[in-house]
1. Once you charge only the Cβ atoms, +1 for Lys and Arg and -1 for Asp and Glu, what is the size of the charge dipole of the chain about its Cα centre, to the nearest 20 debye?
2. Treating the beta-carbon of each Lys and Arg as +1 and of each Asp and Glu as -1, no other charges, what is the dipole magnitude of region 138-280 about its Cα centre, to the nearest 20 debye?
3. So for the chain, averaging the separation of alpha carbon pairs under 8 Å that are six or more residues apart and normalising by length, what relative contact order in percent results?
4. What do you get for GluC sites (Glu not before Pro) in region 244-339 restricted to DSSP loop and a cutoff of at most 16 other Cβ within 10 Å of the site's Cβ?
5. If you take the charge dipole of region 100-184 about its Cα centre, with +1 on Lys and Arg Cβ and -1 on Asp and Glu Cβ, which of MET121, VAL172, GLN156 is farthest toward its positive end?
6. For HIS64 and ALA307, compute 0.36 nm times the residue count separating them, minus their Cα-Cα distance, and round to one decimal in nm.
7. So which lysines can LYS269 reach, going by Cα to Cα under 29 Å and dropping same-chain residues fewer than 8 places off?
8. Between GLU258 and ARG206, what FRET efficiency follows from the Cβ-Cβ distance if R0 is 25 Å, with the result rounded to 0.05?
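Only the coordinates and a few stated rules stand behind these numbers; no lab work does. The structure displayed is predicted, hence computed values, not measured ones. All Cβ positions, even for glycine, are placed from backbone atoms using ideal geometry, and neighbour counts span all protein chains on display.
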Amino acid sequence: MYTEKGRLPMSIPATMRALQQMSLQGPQDMRLITDAPVPSPGRGEVLVRVIAAGINFADISKAHGTFLDGPQPPYLAGFEAVGEIVAVGESVTGLRPGDRVAGVGDGAFAEYMVLPAVAAMPVPPGWTDQQALGLAVNWPTALAALKPLGDISTGQTVLVHAAAGATGQAAVRMAKHYGATVIATASPDKHETVLALGADHILDSRGADIAAEVLRLTGGIGVDLVLESAGGSTFAASLAAAKRVTGRVVVYGLAGGEASLTNWELVYKHQVHVIGFNIGVLIQAAPQIFGEVMGELSGLVATGVLAPTRPTAYELADGPKALAELEARATVGKLALIP
Ligand SMILES: NC(=O)c1ccc[n+]([C@@H]2O[C@H](COP(=O)([O-])OP(=O)(O)OC[C@H]3O[C@@H](n4cnc5c(N)ncnc54)[C@H](OP(=O)(O)O)[C@@H]3O)[C@@H](O)[C@H]2O)c1
């Protein structure tokens with residue numbers, strides 16, 4: 001809450017530690033600074049003391065300058081966090097200092113950040129702050145890809161790439177909950193993790209002939225839905241693995257790089273539904289669908305379908321190392337930075 005003269009409470013410092021991205025050459029050009037100004041919450045915003053920041057693949061895309069309209073260096077990195085509200089801006093209702101919330105804004109790899117109040121979600125009762133990482137980005141992404149976009153239903157088969165990752169793990173759990181058969185891909189050392197989540201089949205994301213394996217597992221007809229976040233050469237395998245005529249390929253990531261698809265291929269080779277998806281655009285352009293996704297997500301949390309995550313935690317200064325590991329496919333599940 002602001003003091004009378006519109007200043008932040010005395011207990012909040014003027015400057016803070018934060019990770020600043022210095023170039024568009026990648027996360028190795030991210031450095032720890034100690035004199036970043038603590039931001040002030042504007043109208044409709046809250047200031048949180050960051051308890052844990054979530055690391056996402058998009059942090060890597062931003063650091064390489066491949067994120068559309070991404071920030072220009074130098075910028076404070078990170079965008080997802082769970083924290084305690086320490087001040088609220090004008091016109092904020094329903095949130096108070098002391099509340100613990102998860103949300104998305106600019107500069108999460110820092111001791112303090114500002115979040116839009118409308119999108120701040122309470123940490124579920126009984127969960128630690130770190131356990132709620134995923135609530136704001138990975139889980140809604142997985143759920144929107146599966147349901148409103150992917151139209152998953154009982155008895156269908158879904159191919160989930162990067163199934164050991166933060167988004168992929170949630171997708172596997174939810175797809176099983178909706179009664180689907182799950183064929184997952186992951187690096188070999190992550191296979192146990194994915195099978196423990198309930199996946200029915202697991203393929204090597206680095207070495208397998210994914211299209212051939214999926215066709216073998218589905219009696220030659222392919223899967224009803226592909227959650228396509230791998231990109232690169234795997235993109236063609238995903239198209240070939242989808243069922244002709246009715247199969248859907250939801251494209252929402254390109255960890256392995258860009259890949260193209262021509263109209264000739266759609267007519268003669270891959271008669272499938274290709275659906276582009278970006279959670280930020282979903283929120284802006286289809287708020288009603290996003291609201292439905294978040295409502296459904298609350299139910300999945302309340303009924304225990306989505307259990308609290310146990311992120312791998314790194315100190316703030318080790319942010320570049322954590323991002324390098326994510327980029328090198330060496331991580332499992334959610335990663336957190338603790339400022
Ligand atoms: N469109 C959206 O709105 C949206 C929102 C959230 C996330 N995403 C996308 O969803 C995907 C998962 O994001 P996340 O943050 O949860 O990350 P993550 O899945 O925890 O980590 C990325 C994983 O992708 C897999 N991968 C496959 N090919 C890769 C390659 N060439 N280079 C690096 N990794 C590769 C790796 O798993 P294996 O080694 O096990 O194969 C890696 O561990 C990303 O592509 C991200 O951009 C999109």
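1. In debye, rounded to 20, the chain gives about 300.
2. The dipole of region 138-280 has a size of about 280 debye.
3. 17 percent
4. For GluC sites (Glu not before Pro) across region 244-339 that sit outside H, G, I, E and B with at most 16 neighbouring Cβ atoms in 10 Å, the list reads GLU258.
5. Working it through, the farthest residue towards the positive pole turns out to be GLN156.
6. Contour length minus the Cα-Cα distance gives 84.2 nm.
7. LYS269 reaches LYS147, LYS243.
8. 0.85
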